[in-house]
Amino acid sequence: MSELTQSKTSAPDKQKRHDYDLGFLLSYENIAWYEDGVVRILDRRIYPTQVQFVECRTPEEVADAIAAMVTQSAGPYTAAGMGMALAAYHVRGQSDARQLQALEEAAERLSTARPTTESRMRRVTGGALIAAKAAFDRGESDVSQTLFEVAFDSLERRYERMSRVGENLISLLPDRATIMTNCFGETIVGTMIRAAQEKGIDLKLYCPETRPYFQGARLTASVAAEMGADVTVITDNMPAEVMSRHHIDLFTTAADAITSDGYVVNKIGTLQIAIVAKYYGIPYFVTGIPDTVSIQDISIEQRDPDFVLEARGVRNTKPEVKGYYPSFDITPPHLVSGVVTDRGILTPYTLSDYIHSDEGEDDYYGGLII
């Protein structure tokens, strides 16, 4: 058990939480956790080779950790929420106006840490600002605990909703199923495996390694192995071979954005696997909650090209060789068999049925599922 699971910060007992029976990476305290003026973030760049936490003592350091990929997938949203609690801690007891100014500055810095996910980040930080203003109206002079509770509650809501997504996803599978993933889909990886185990489905996973950070090999495969699933890692140039010679029931990923017009923005490599899956008649189901933005609103983040010239810090090319590193690619709707949500399975052409729902669950945190 991580030292963070011994946290003194107020939170429900582990047995009552929606992260029960999930892998180490998916325990709330092992994503990002605020306590006593520090946000601790598990360094996913080196896990599982090393288990280390980056300690952030300012919201700027939290934003830097997000930008540097200390955490990824849905981790940045949790880190941003905890970063807002940290920002409140630094100005506790000051005037409401000064505290609000500091929180707004922190919100801007955290929201823009990674450009592709800025719209979702602004919903996280915007929700924290709403909660802080309400706390000021109640006469609170230190809103750090309030903002921690907001971040914690968002985790509970997301995990509960992703548990429903996991159940809906495994409803597509036979009793013995083999699936292929890409990158690390965060909560859905654990909830899918947990739901399959609870239903008695014999689940096997193929995980492309997902260069250059190897999230598939280090993160997805680690969670699957910890939870007792049969998991095999393949290199990023093997999906076509595996799909051509091995029976794959389904290709599935999470998404950094599922646009209102049916496009899936996800870790680079998703598009090519979706193309191969289409060729071999294998359905591709993306999991998550549809966004309200269109594909024209999405900016694809270009990261340091040097990362593609190396593998875990070891340079593989001559100095004059160039690299190219878009973090995400865009899969068009005609390659997507369906979008698995907490309310059911939609086509990429009927996402408005979800977005326009009056069920009332899409508050400022609840829709942040990736």
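Out of E108, E55, E61, E104, one residue alone is part of a strand (DSSP E or B), modelled with pLDDT of 95 or more and in the same structural domain as V150 (by TED's automatic domain parsing). It is E55. Taking the stretch 114-144 as the range and being at pLDDT 95 or above and not in a helix (DSSP H, G or I) as the test, the residues that pass are R138, G139, E140, S141, D142, V143. Residue check: is D142 closer than 30 Å to G93 by Cα, without any contact (Cβ under 8 Å) to a residue 60 or more places away in the chain and not aliphatic (A, V, I, L, M)? Yes, satisfied.
Scanning the stretch 260-290 for residues that are without any contact (Cβ under 8 Å) to a residue 60 or more places away in the chain and farther than 18 Å from A177 by Cα yields Q272, V276, K278, Y279. A search for C-beta distances below 7 Å between a residue of the stretch 210-228 that is free of Cβ contacts under 8 Å to residues at least 60 places away in the same chain and under 12 Å from N182 (Cα atoms) and any residue that is buried (at least 21 other Cβ atoms within 10 Å of the Cβ) and acidic (D, E), counting only pairs 6+ apart in sequence or on different chains, returns G216/E209; A217/E209. Yes or no: the stretch 198-210 includes at least one residue that is surrounded by fewer than 22 Cβ atoms within 10 Å (Cβ to Cβ) and among the polar types (S, T, N, Q). No; the residues of the stretch 198-210 include none that is surrounded by fewer than 22 Cβ atoms within 10 Å (Cβ to Cβ) and among the polar types (S, T, N, Q).
Could you tell me whether V339 is β-branched (V, I, T) and assigned to a loop (DSSP other than H, G, I, E, B)?
Values: β-branched (V, I, T): yes; assigned to a loop (DSSP other than H, G, I, E, B): no.
So V339 does not fit the description; no.
Here V340 passes the criteria (1) at pLDDT below 95; (2) closer than 28 Å to Y213 by Cα; (3) surrounded by 16 or more Cβ atoms within 10 Å (Cβ to Cβ) except the one numbered (1).
Of the residues E209, E241, which single one is among the acidic types (D, E), touching a helix residue (DSSP H, G or I) at 6+ places or on another chain (Cβ under 6 Å) and more than 16 Å from V340 (Cα to Cα)?
Details: E241 fails: touching a helix residue (DSSP H, G or I) at 6+ places or on another chain (Cβ under 6 Å).
Answer to the selection: E209.
G185: in contact (Cβ under 8 Å) with a residue 40 or more places away in the chain and within 20 Å of A255 (Cβ to Cβ), yes or no? Spell out how you get there, then give the answer.
On the way: in contact (Cβ under 8 Å) with a residue 40 or more places away in the chain: yes; within 20 Å of A255 (Cβ to Cβ): yes.
Yes: the conditions hold for G185.
Considering each residue of the stretch 278-311, count those that are in a loop (DSSP other than H, G, I, E, B) and basic (K, R), and give that number. Break it down into steps so the answer makes sense when it comes.
At the first step, the residues of the stretch 278-311 found to be in a loop (DSSP other than H, G, I, E, B) are 280-283, 288-294, 298-301, 303-304.
Now restrict to residues that are basic (K, R): 303.
Of the residues in the stretch 278-311, 1 are in a loop (DSSP other than H, G, I, E, B) and basic (K, R).
The values are calculated or read from the model by the stated rules, or taken from the named source; none is laboratory data. The structure displayed is predicted, hence computed values, not measured ones. Backbone-built Cβ (ideal geometry, glycine too); neighbour counts: all protein chains shown.
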